[in-house]
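Contents: one structure, followed by commentary.
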Amino acid sequence: MIIKASYSNSPVWRDVHVHSILPEELRPLEEIAHNLWWVWNEEAKDIFELLDYEEYEKCGKNPVALLQNLRTEKTEEIMNNPDLMARIGRVYQTYKEYISVPFDTERPSIAYFSMEYGLAHALKIYSGGLGILAGDYLKEASDSRVDMTAVGLLYRHGYFTQTLSVDGQQIANYEPQNFGSLPISQVLDENQKPIILEVPFHDRIIYSYVWKVSVGRIALYLMDTDLEHNSEFDRSITFQLYGGDWENRMKQEYLLGIGGVLLLKRLGIKKDVYHLNEGHAALISAQRLHDYVQEESLPFNVALEIVRASTLYTVHTPVPAGHDYFEESLIRKYMEPLVGRIGIPWYQFMDMGRDNPGSNEKFSMSVFALNTAQESNGVSKLHGKVSQEMFQPVWKGYFPQELHVGYVTNGVHLPTWTTSSVKRIYEKHLGEEFYRNQSDPKIWKRIYDISDEEIWGLRMHLKEKLIDYIKSEFVDGWLKNQAAPSRIITMLDEIRPGSLIIGFSRRFATYKRAHLLFSDLDRLSRILNNPERPVTIIFAGKAHPADGGGQALIKHIVEISRRPEFLGKIIFLENYDMRLAKRLVSGVDIWLNTPTRLQEASGTSGEKAIMNGVLNLSVLDGWWYEGYVEGAGWALTEKQTYENQAFQDELDASTLYAMLESEIIPLYYAHNSNGYSPQWVKYVKKSIAEIAPHYTTKRMMDDYFDRFYLKLAERSRRLAENNYAKAKEIVAWKEDTAAKWDRIEVLKLEFQPVQELDINNGNKRVYGEVIIDKKDIVADLGLECVVVDYDSNANKVTFIEKYEFDLVKTEGSRLFFQTREALNYPGTHQYALRVYPKNRDLPHRMDFAYVKWIS
Ligand SMILES: *Cc1c(COP(=O)(O)O)cnc(C)c1O
């Protein structure tokens, strides 16, 4: 027997989470920690900091983790501190009062679906703007007492965190989240066992846990497939946000859509309106169609009528390439069985996702969303127009301007995105009540009564906070990956609150043109290094791991920032997330945005900046196109001068330099004898007073009700009454019209649009007479003259105007039309006559876009 010196097999390490059990008196804290209400309530946040500041910092300002990690001595210390205990009591009281206010039952209820939600730094289920918007919207729903339930996915690894290698290469890190220490709770069944949702995929069931995030009064339910019941392969469906291949994306969208509807059913939740935040959620309509067909035994067309009447689709992507398109084979694999149960042939379903039915185009989630949603909108005024152009191919008989696609401009949740010191000033001068009336411009006029010194003092304070934050969060990292400490000291020395600080932070997609400022490095160096008027630019942002161009841009900026002349003048901060965003949008002087025109759907970071007294310098695109007010920030024109983008970039860059040199920097440094620039303060005040009230989520929420939710809820209720009588009637009418549409015959067409405008006569003679035989079509028909400019070389048709003919007589199936109207626009145009079916019960023409052109 040989006796070895040492002999052991390997242990299998198992997780054990040791949590502190809080004493009864501190239980309210646990309740508050598990409701994201604390995110926008300063007193609550203060309490968590006071409990154990170090630990709170260490666990990334996650109150749930903080409470789990509280040591016994700390707990005793807290309980022996009567002041702190009293504060806890007061916060709990405020929280309880807030939570106990019921929903506003006067307004329709909403189910909201989104792939991502940016709610709190600690809950990493967002990547950028789309998610932050959804998160802000839920918070607003809570504040506005909207009866909303939201659905999404819980990602094990969330979105990546960003670090940079020594040479500026982006490194994407995926850290697993410990769900046990997040501000979420697992949804249990009647027997206190975790609910396991069964989602039938094409050949198997995929199981999912369900988690609840309390966002004030609102519940957000998240699905998570990382459980043993699933194969390894399926467990990873919810590992990463926007990670994996197209097939995984397909599975995620299937889970969100199909699973999301099943989840609401399982929980017994029914809502009036279904709101799809981006096309990712489009498949909820497929499951809802299935349910109406299978559970209510409705014919497909009737089911479609009802689903459409209660669905709103919001598009966020201005370029077709940004939308999800799935290969037919892929979508077929997952969707064919469900489509079979819906009871329509496969090609019909496929065509619901195509611009050109009958073609072999890929399946577009956006087109499917459009075809299953009565209403649709872009996210700013300009983006609404862009979306009309983009979606026009779906409705071939109509022109972009005629489409029903509308807009609601994105806003931001004010209590989340303003810092505590800004909020204190608003509460002091605008009144405690201003949160409730935050979209009322009158209240904001009181900003003008605040002294210049107070505003300037606030700005300085926020800049110092940013600089402190940079020192505490980033310096260690710089020491690690940039070696020379002397360089870091130079850098830190250069970042001073007195300097003009410009912030540029956003996703590094090439269309955002972060490189614009670098087109003339000598000129830039002169601007930044003027000893009397120093300027610092801070960059931050992630590039999608698959976006080589975006990553190259980051590397380029980092390289430039390392040059001696730019040390401490150009700074790149790693890992742009909600926390850093809040510091930046409040702590710089200028928020810079230079998107390629028409590619910024809305953008919201500039709105956050405004609310913290930061001025915008931006291309007139997205929200700034409608938000800009002269003397309250700066704008680069929305007009594209050059077709060639490289020329345009050059022009924009030199405009930018010139504005900085001759206008912005001098304004900032025009200090008076009290050491501040009164002109600058004037800009700040005007920017808050005139712009802020229009870009809150409160205004946005109200717009959604006024423009979409109310009419959807009203019409879908009407369609469903008496066992769907109205829906069935409309379907019968549509089916009749569709079947017989080609029978329409023109019996007489005498139409001579006037050549000369006879202004004196009012143009009231008859210019045209048209007789149409509609045969046995039940529908009423309308006839209109459409005037366009037709460029036959470019095969481009531009809509100018249209006017309706009067139906003057009906004889059997023959309709007699006349018009007495003349064209309004002098010049050479083209025209054609358009016949369309008329029905008062339709929400708009695009709901049933049958058209017959006659000539
Ligand atoms: C607000 C915000 C965004 C969206 O802002 P854009 O103006 O669209 O860039 C993106 N990321 C984070 C972390 C944000 O806070």
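No value in this document is a laboratory result; all are computed from the given coordinates. This is a predicted model, so every value here is computed, not measured. We place every Cβ from the backbone using ideal geometry, glycine too, and count neighbours over all the protein chains shown.
Worth pointing out:
- For the range 183-312, the alpha carbon convex hull comes to 138 Å³ per residue, rounded to a whole number.
- Filtered GluC sites (Glu not before Pro), the range 168-277: DSSP coil and at most 16 other beta carbons within 10 Å: 190, 228
- Rounded to the nearest 5, the antiparallel percentage of DSSP beta bridges internal to the chain is 55%.
- Potential extension, residue 722-residue 648 segment - 0.36 nm per residue separation minus Cα distance: 20.7 nm
- Sparse-neighbour loop sites [GluC sites (Glu not before Pro); the range 633-701; at most 13 other C-beta within 10 Å; DSSP]: 643
- DSSP-assigned coil residues among trypsin sites (Lys or Arg not before Pro) in the range 405-471, each with at most 15 further Cβ atoms within 10 Å: 436
- 10 Å-binned pair-distance histogram of the range 1-119 (Cα, whole percent): 10, 33, 23, 15, 9, 5, 3, 1, 0
- Applying 1/(1 + (r/R0)^6) with R0 = 30 Å to the Cβ-Cβ distance of residue 81 and residue 473 gives a FRET efficiency near 0.55.
- The Stokes-Einstein estimate for the range 744-854, based on a Kirkwood radius over Cα pairs and taken at 4 °C with 1.567 mPa s viscosity, is a diffusion coefficient of 85 µm²/s.
- Here the spin labels are modelled as points 7 Å beyond Cα on the Cα-Cβ line, and at residue 94 and residue 832 they lie 6.3 nm apart.
- Taking only the Cα atoms of the chain, the ratio Rg/Rh comes out at 1.00, with Rh defined as the Kirkwood radius.
- Mean-position separation - Cα centroids, the range 310-367 and the range 698-724, in angstrom: 25
- All-pairs Cα distance distribution in the range 387-528, expressed in whole percent, bin size 10 Å: 8, 20, 26, 23, 16, 6, 1
- Full-extension gain in nm, residue 231 to residue 673, via 0.36 nm per residue minus C-alpha separation: 152.0 nm
- Spatially, the range 115-158 and the range 1-63 are offset by 23 Å when compared through their Cα centroids.
- Only helical runs count toward this figure. For the chain, summing -39,500 (n - 2.57) over DSSP H runs of n ≥ 4 and dividing by all residues gives -11500 deg cm²/dmol at 222 nm.
- Using the Cβ-Cβ distance between residue 328 and residue 301 with R0 set to 30 Å, the FRET efficiency works out to roughly 0.80.
- Counted residue by residue at 0.36 nm each, then reduced by the alpha carbon distance between them, the extension gain from residue 6 to residue 480 reaches 166.8 nm.
- Taking the longest Cα principal axis of the chain as reference, the axis of helix 420-430 is set at about 60 degrees.
- Using R0 = 25 Å, the C-beta based FRET efficiency linking residue 658 and residue 565 works out to 0.75.
- Using alpha-carbon coordinates, inclination of helix 129-143 to the longest axis of the chain, degrees: 90
- Stokes-Einstein D for the range 444-499, Kirkwood Rh over Cα pairs, 4 °C, 1.567 mPa s (µm²/s): 97
- Rounded to 10°, Cα long-axis angle of helix 645-659 versus longest principal axis of the chain: 50
- For the range 254-391, the spread of Cα positions along each principal axis, largest first, Å: 41, 33, 25
- Over the C-alpha trace of the range 258-332, radius of gyration and Dmax come out as 13.7, 39 angstrom.
- Each of 67, 53, 78 was placed along the dipole of the range 24-100 (beta-carbon charges, centred on the mean Cα), and the one lying farthest toward the positive end is 67.
- Given charges at beta-carbon only (K, R positive; D, E negative), |dipole| of the chain in Debye: 220
- Taken over the range 546-694, the percentage of Cα pairs per 10 Å bin, counting from 0 up to the bin with the maximum distance, is 10, 32, 40, 16, 1, 0.
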